[in-house]
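First up is the structure itself, then whatever we jot down about it.
The values are calculated or read from the model by the stated rules, or taken from the named source; none is laboratory data. Please read these numbers as outputs of a predicted model, since none were measured by experiment. Every residue, glycine among them, receives a Cβ derived from its backbone with ideal geometry; neighbour counts consider all protein chains shown. Only protein heavy atoms, including side chains, enter the accessible area calculation; ligands, DNA and RNA are left aside. Shrake-Rupley method; radii C 1.70, N 1.55, O 1.52, S 1.80 Å.
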Amino acid sequence: MSDEVIGRPDPKTPVSVKILRYKPGAIDPPRYDTFQVDADPLMTVLDALEEIRATQDSTLAYRHSCHHASCGTCAMKVNGKEVLSCVTNVLEQGTDVIVVEPLGTMPLVTDLVVDMGDFARRYEPAGLSFIRESEYLTEAQTPEGVDHHTRFESCIECGICLSACPVANTNASFIGPAGLAAYYRAMVKGDGEATDILAAVDTDCGVWGCHGAMECTEACPSQVEPGDLIMYLRREVVKSKLPWNH
Amino acid sequence: MNSNYHVVIIGGGSTGAAIVHDLVLRGLKVTLVERGELTSGTAGRHHGLLHSGGRYAVKDQESAKECIEENLILRKIAPGSFEENDGLFVAITDEDVAYKDTFLQGCAECGIPTRELTAKEALLLEPNLNPKTKLAIQVPDATMDCWRLPMRFFATAKQNGADIRPYTEVIGLLKQNSTVTGVHVRSHVTGKEYDIKADLVVNATGAWAEKLSEMADARVPVRPTPGVLVAVYGRWNNMVLNRLNRPSDGDIIVPQRELSVIGTSSWFAPDPDRLGLPMEHVERMYERGSQLVPGVKYARMRAAWSAARPLLGEASPTVGGRDLPRTFKCFDHKERDGIEGLVTITGGKGTTMRAMAETTSDVVCDKLGVDAVCRTREVVLLPYWAYYQ
């Protein structure tokens, strides 16, 4: 086997990619730069950014890692909507110009990079357990040495819900959709006392801060449906206070 | 005392993550620079398979032994970063069945535990397996979180005092005569260029190792060897499924979250920054993957991508990527090229990241005259969120 230059699928369609640029002290205030790429049928927005960085501007900064919607790092806004850029097809956007911008809510660091510390601060107090029992193939027997099948949680902590949430955008103390969904999971998995969990979310920064816009559920790329889980937690909080439940 | 020495690590992949963790635990002052986001090269986008070593037990036993040893260590130091459902090597054809004894002998020689299952037993464990399955062998494979696992090394290192700088690209090496004395970098956050002095520089850039070492007029025999991976919707299996035969294309399905990841293929790429994504390889993943689990043929695609293995080996027209070893090697460029102050680590696999770091850190400490033992086999890693605190 010799060196092979293996390309990408045909045909190629020229597309403009308009990217928000920001380098504190250098490109400041932010501006938009437009690049041209030849999009192929499999090209994602992340592939386009990779191509631009490799061939046109090596200073372009963006977050990415797994390229298959499992790590959650490459979340950004594409044509105004929060998405995982690694599974957002360029040509399926149907626009000649693709506008790429960083997530909102979280502070901007540079170009398309936001500070995930803000997400962590809101999310982490829920207590994180990334593993759950697998609900797939429940009819299957488990192999010797394995008590039950496990899988990683669906939430990939990408920050999309926090960016899409109109409350989180304006209220820094709001726990936010991902954090409240994590509290829900802790409760159903029995990680901690239910009364402690309900007390933690029974506040204006918790379940009562939500305005029910449901943008989080709409935007979530992993079907976590945080908005629905917040409503479930509200019901549980109210139920726990009813006199006949004591 | 040890912190009088300053080491700069270039490359924020899984190898760099494990080295910065190891060296900080040994008391050194360490700065790590990465041109993009952490784990944005090969580290985050590999198959996500915590290898038992079974895949290499016949033809690459050194790598197989490294895998089983590290498999057990990583489960201990990073609990919660694996779907621990074990794996199967599945025989579907008579040729696969004929390979069984060779495979079992290889596993035994490498210390990889195995358990033979009849076709009926295998199908009870994995109902979506090809009904023509003839037998299967259980091994301690697992699914790893390709991003969160290396991030736990970064998080722990950072909390222990490491200086980790993503979006910081090395654009030149500082040299005095034939000694590397630091790096010249450009920050992609501020656009500014500056120098970082170092007593020793570690090149942990994986598939980019040759590009980097050329800055020092040094050579590293690394071959960027990409493969295509395809993630499909649905969890078609809970255990890692491997074809019981010599390593080939599309012969592993790794379940992960609510996806099943089929991989992979293999070719040599001259430039690790432009891997390509050949459509025929994507189609081959579906075709070969469906030999193991027929249903995946009809599964909707979530993502298709390429990832570059950093394999060790000189360019040769007769050697293919499947023939190159999966072991790793640490090069002291003093011995190799007469260049002092620069060490390169490359080769290896995600599964062996900690061992690669131990070997490299031993070389670093030896060169600096630092007497410190490796503690990474015992220290339990912090949750990855600690990186953002």
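Things worth noting here:
Condition check ((1) more than 23 Å from B:Glu358 (Cβ to Cβ); (2) outside the structural domain of B:Leu275 (by TED's automatic domain parsing)) across all residues:
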residue: B:Ala18; (1), (2): no, yes
residue: B:Lys29; (1), (2): no, yes
residue: B:Arg55; (1), (2): no, no
residue: B:Ile73; (1), (2): no, no
residue: B:Ile77; (1), (2): no, no
residue: B:Asp86; (1), (2): yes, no
residue: B:Thr93; (1), (2): yes, no
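- Looking across the range A:115-150 at every residue that is β-branched (Val, Ile, Thr) and in contact with a Lys or Arg (Cβ under 8 Å, 6 or more places away or on another chain), the one that is nearest to B:Tyr167 (Cα to Cα) is identified as A:Ile131.
- Candidates B:Ser81, B:Ser63, filtered to the one that is open to solvent by less than 20 Å² (accessible area, probe 1.4 Å) and within 14 Å of chain A (Cβ to nearest Cβ): B:Ser81
- Options B:Leu123, B:Leu129; residue that is part of a helix (DSSP H, G or I) and either under 14 Å from B:Leu292 (Cβ atoms) or assigned by TED's automatic domain parsing to the domain that holds B:Ile262 (or both): B:Leu123
- Some residue of the range B:213-226 being farther than 23 Å from B:Gly87 by Cα, within 13 Å of chain A (Cβ to nearest Cβ), open to solvent by 20 Å² or more (accessible area, probe 1.4 Å) and assigned to a strand (DSSP E or B): yes
- Subset of the range B:272-296 that is in a loop (DSSP other than H, G, I, E, B) and out of contact with any Phe, Trp or Tyr (no Cβ under 6 Å at 6 or more places or on another chain) - its residue that is most open to solvent (accessible area, probe 1.4 Å): B:Arg274
- B:Thr42 falls short of the stated requirement of being open to solvent by 10 Å² or more (accessible area, probe 1.4 Å), closer than 22 Å to B:Val380 by Cβ and of a type outside the set (Asp, Glu).
- Search result, residues across the range B:297-313 that are of a type in the set (Lys, Arg), within 12 Å of chain A (Cβ to nearest Cβ) and not in a strand (DSSP E or B): B:Arg300
- Residue count for the range A:114-144 under the criterion of being over 25 Å from B:Tyr384 (Cα atoms) and more than 7 Å from every other protein chain (Cβ to nearest Cβ): the result is 3.
- Of all residues in the range B:242-271, those satisfying the criterion of being assigned to a loop (DSSP other than H, G, I, E, B) and either open to solvent by less than 10 Å² (accessible area, probe 1.4 Å) or of a type in the set (D, E, K, R) (or both) are B:Leu244, B:Arg246, B:Asp249, B:Gly250, B:Asp251, B:Arg257, B:Glu258, B:Ser265, B:Trp267, B:Phe268, B:Ala269, B:Asp271.
- Complete set of residues in the range A:1-42 that are open to solvent by less than 40 Å² (accessible area, probe 1.4 Å), of a type in the set (D, E, K, R), farther than 20 Å from A:Val87 by Cβ and not in a strand (DSSP E or B): none
- Considering the range A:79-163, the qualifying strands (runs of 3 or more DSSP E), each wholly inside and each with 1 or more residues that are at negative phi, open to solvent by 20 Å² or more (accessible area, probe 1.4 Å) and charged (D, E, K, R), run over A:81-84, A:97-101, A:131-133.
- Summed over the range A:43-78, the residues that are within 23 Å of B:Arg235 (Cβ to Cβ) and assigned to a loop (DSSP other than H, G, I, E, B) give a count of 10.
- Looking across the range A:63-91, the residues that are over 21 Å from B:Ile262 (Cα atoms) and facing chain B (nearest Cβ under 7 Å) come down to A:Arg63, A:Thr73.
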